[in-house]
Amino acid sequence: MSLDGSLRGRSLVSVADLTREEVDGLFVHARALKDELRSRGRHQLAPLAGRTLAMIFEKPSLRTRVTFETGMTQLGGHAIYLAPADIQLGVRETVADVARNLSRWVDGVIARVFRHAAVAELAEAASVPVVNALSDVEHPCQALADLFTVLERRGGLRGLTLTFVGDGNNVYHSLLLLGSLLGIHVRLASPAGYEGDAAIFARAQAIAAGSGSRLERFRDPHEAVCDADVIYTDVWASMGQEAEAAARARLFAPYRVDEALVRAAGRDVVVMHCLPAHRGQEITSDVLDGAHSIVLDQAENRMHLQKAILVATMA
Ligand code: CP
Ligand code: NVA
C-alpha cells in the first residue's frame with residue numbers, strides 16, 4: 001500500500017497523477033517487498049490472493065510483461081496477457097467498451113498502447129485501476145523503478161543531476177516529471193526538434209518551482225553530462241517510429257553514450273537505460289556492460305516497484 005492507502009482504486013496514467021508522499025510510500029513498500037523476497041525467497045502474505053490483472057499489450061515487451069506477471073504470481077494473484085491481436089483496442093470494439101467489460105471481471109488493468117489518449121480513456125471508463133505500461137507520451141512505471149534504483153545506490157535523490165541523452169521521448173517525459181517532483185536536476189541533450197513535449201516541460205517546470213529542481217536543455221551532450229550523477233539514454237526510434245529509424249540514426253549519432261561521454265561526467269556517474277538497447281547505436285557495448293552501468297538493477301527493480309503499485313492500487 002502507499003503508506004496512507006490513498007492510491008487504492010486509483011489509476012496511474014501519468015507520473016503527474018502522484019504526489020511526493022505517494023511516491024515515497026511506493027519506494028518504501030518496494031524496498032520492503034524486495035528485502036523480504038531476497039531474505040525469504042517468497043512473501044509471507046499473499047495480498048493479492050484471488051485478484052486478477054488484465055495486461056493489454058499493443059506493442060512488444062520483455063520486461064514489462066514478465067515483471068508484472070511474475071509480480072502478480074508472487075503476490076498470490078493471477079495475470080492474463082492480452083496480445084495485440086486479442087484485443088485490437090478501438091478496432092474490434094471501442095476502448096471504453098473494453099474498459100467496461102474488463103471492469104466486470106478483473107481487479108486491475110495495465111495497458112501498453114500507441115496513443116496516450118487510449119490509456120487515459122481506459123482509465124476514464126474503467127471502474128478498476130488502470131496502469132500505464134508505456135504510451136507514446138509516458139512510461140511512469142519505468143521512471144518510478146529508475147529513480148527507486150538511484151535512491152538505492154545513492155541513499156537520497158534531492159540535488160542529484162540526471163542527464164538524459166538522445167530523444168526527448170516517453171521515458172524522458174516521465175523522468176522529467178518525476179525528477180522535478182523529487183528535487184532532481186534534470187537535463188536533456190538532444191538534437192533540435194527532439195526536446196520532447198513543450199506542455200510536459202512547462203508542467204515539470206511548475207512542479208520544479210516547488211521542489212528546487214533545475215530543468216535544462218542542451219545541444220552538446222558533453223556539456224550536458226558535466227558533473228552529472230546519472231547519464232540516461234534510450235533508443236533513438238521508439239516503438240511506432242520504425243519508419244524514421246534510419247534518418248534518426250544519422251541525426252542522433254553525436255548523442256551516442258560511449259566511454260568518452262562517460263569520462264566527461266566524472267568518476268562516480270552511473271549509466272542507465274530502460275532497455276531494450278540497440279548496442280552500438282545509442283550506447284556502446286563497453287558502456288552498457290561496463291562498471292558504471294546499472295541497467296540490470298533497473299530491470300530487476302521494475303518488478304519490485306510495480307508490485308508496490310499493484311498492492312497500493314488493488315489490494
Ligand atoms: N523497459 C521496458 O519497458 O522494456 P520492455 O519494452 O521489454 O517491456
Ligand atoms: N522509448 C522506448 C521505450 C521502450 C521501453 C519506446 O517507446 O519504444
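The values are calculated or read from the model by the stated rules, or taken from the named source; none is laboratory data. Note that the structure is a prediction, hence the values are computed from the model and not measured. Glycine also receives a Cβ, built like all others from the backbone with ideal geometry; neighbour counts cover every protein chain displayed. Only protein heavy atoms, including side chains, enter the accessible area calculation; ligands, DNA and RNA are left aside. Shrake-Rupley method; radii C 1.70, N 1.55, O 1.52, S 1.80 Å.
Taking the criterion of being surrounded by fewer than 22 Cβ atoms within 10 Å (Cβ to Cβ) and in contact (Cβ under 8 Å) with a residue 40 or more places away in the chain, would at least one residue in segment 78-97 satisfy it? Within segment 78-97, none of the residues are surrounded by fewer than 22 Cβ atoms within 10 Å (Cβ to Cβ) and in contact (Cβ under 8 Å) with a residue 40 or more places away in the chain. Taken over segment 42-63, the criterion of being β-branched (Val, Ile, Thr) and touching a helix residue (DSSP H, G or I) at 6+ places or on another chain (Cβ under 6 Å) is satisfied by ILE56 alone. Does at least one position in segment 105-114 carry a residue that is among the basic types (Lys, Arg), touching a residue at least 40 places away in the same chain (Cβ under 8 Å) and surrounded by fewer than 15 Cβ atoms within 10 Å (Cβ to Cβ)? No - not one qualifying residue is present in segment 105-114.
Go through segment 130-153 and give me each residue that's open to solvent by less than 10 Å² (accessible area, probe 1.4 Å), assigned to a loop (DSSP other than H, G, I, E, B) and more than 11 Å from ARG302 (Cβ to Cβ). Within segment 130-153, SER135, GLU138 meet the criteria. Filtering segment 195-209 to residues that are touching a residue at least 40 places away in the same chain (Cβ under 8 Å) and outside any helix (DSSP H, G or I) leaves only ASP197. Restricting the search to segment 258-315, which residues are small (Gly, Ala, Ser), touching a residue at least 60 places away in the same chain (Cβ under 8 Å) and assigned to a helix (DSSP H, G or I)? Within segment 258-315, ALA265, ALA299, ALA308, ALA312 meet the criteria. Those helices (runs of 4 or more DSSP H) of segment 1-120 in which at least 2 residues are within 16 Å of ligand 2 (Cβ to nearest atom), in contact with a strand residue (DSSP E or B) (Cβ under 9 Å, 6 or more places away or on another chain) and not basic (Lys, Arg), considering only elements entirely within it, cover 63-74.
Of the residues making up segment 23-58, those that are open to solvent by less than 10 Å² (accessible area, probe 1.4 Å) and either within 16 Å of ligand 1 (Cβ to nearest atom) or touching a Pro at 6+ places or on another chain (Cβ under 7 Å) (or both) are LEU53, MET55, ILE56, PHE57.
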